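Report on the following structure.
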């Protein structure tokens, strides 16, 4: 298995920026993307030949006014590792990215057809106090909202060697059907414990689950079979 600390040893400190209008990526979670814009096809091709890192961040409101150039982005995003890719016959790429670190985007320069930025790890605060109890509370509440038993949910999506609150919190953060700006606020919270408390609030208010995203979501650690 490949863990994120091992992956991050190969990171130089800068990566291409992949800004999205309606998606927030979280650390320790993987997701599948279809790449079809020419500039981002070029980005993937370059990443494949180099370090395999891409930083995903959210576009700020009114991004469509300047989308073809350099629309404004949020400065907190997720550094991702390109684990697998498929070059399709139509020229598009299907890729699987795994979030390996929450980062601050220090600068974004248009040196190619896409932006490249230096990033700095934000070093999220992770407390182990009552982690197993919090894990059980959160997965029980989420399972009830999801309409699936916690045993089935654990086996389907969260089959880790040991319960990991950070992974569970980030997994549910991606799955909650909340306004995208609220999801960005979740990512920007400095502590996993704070993100946990906000998630409980959303769940208690019966926020729905975007079940379709779960079809494309995976969790860390990675197996070591890559392209």
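Taking residue 130 as the residue in question, decide whether it is at pLDDT 60 or above, more than 28 Å from residue 6 (Cβ to Cβ) and loosely packed, with under 13 Cβ neighbours inside 10 Å.
Numbers: at pLDDT 60 or above: yes; more than 28 Å from residue 6 (Cβ to Cβ): yes; loosely packed, with under 13 Cβ neighbours inside 10 Å: yes.
Spelling it out, residue 130 is indeed at pLDDT 60 or above, more than 28 Å from residue 6 (Cβ to Cβ) and loosely packed, with under 13 Cβ neighbours inside 10 Å.
Against the condition more than 14 Å from the chain's Cα centre (by Cα) and assigned to a loop (DSSP other than H, G, I, E, B), how does residue 27 come out, does it pass? I'd like the intermediate steps shown before the answer.
Numbers: more than 14 Å from the chain's Cα centre (by Cα): no; assigned to a loop (DSSP other than H, G, I, E, B): yes.
Against the criterion (more than 14 Å from the chain's Cα centre (by Cα) and assigned to a loop (DSSP other than H, G, I, E, B)), residue 27 does not qualify.
Please list, ordered by residue number, the helices (runs of 4 or more DSSP H) wholly in the stretch 141-227 having 3 or more residues that are touching a helix residue (DSSP H, G or I) at 6+ places or on another chain (Cβ under 7 Å), at pLDDT below 90 and outside the structural domain of residue 101 (by TED's automatic domain parsing). Full working, then the answer.
On the way: elements: 150-157, 165-175, 180-188, 192-204, 211-214.
The helices (runs of 4 or more DSSP H) meeting that bar are 150-157, 165-175.
Would you point out which residue out of 108, 117 is modelled with pLDDT of 90 or more, in a strand (DSSP E or B) and in the same structural domain as residue 57 (by TED's automatic domain parsing)? Lay out the reasoning, then the answer.
Values: 108 fails: modelled with pLDDT of 90 or more.
Only one candidate qualifies: 117.
Would you confirm, using the coordinates I've provided, whether residue 138 is within 18 Å of residue 192 (Cα to Cα) and at pLDDT 80 or above? Outline the logic, then answer.
Working: within 18 Å of residue 192 (Cα to Cα): yes; at pLDDT 80 or above: yes.
It is true that residue 138 is within 18 Å of residue 192 (Cα to Cα) and at pLDDT 80 or above.
The values are calculated or read from the model by the stated rules, or taken from the named source; none is laboratory data. Predicted model, so just to flag it, every value in this text is computed and none were measured. Cβ coordinates were reconstructed from backbone atoms using ideal geometry, including for glycine residues, and neighbour counts include every protein chain displayed.
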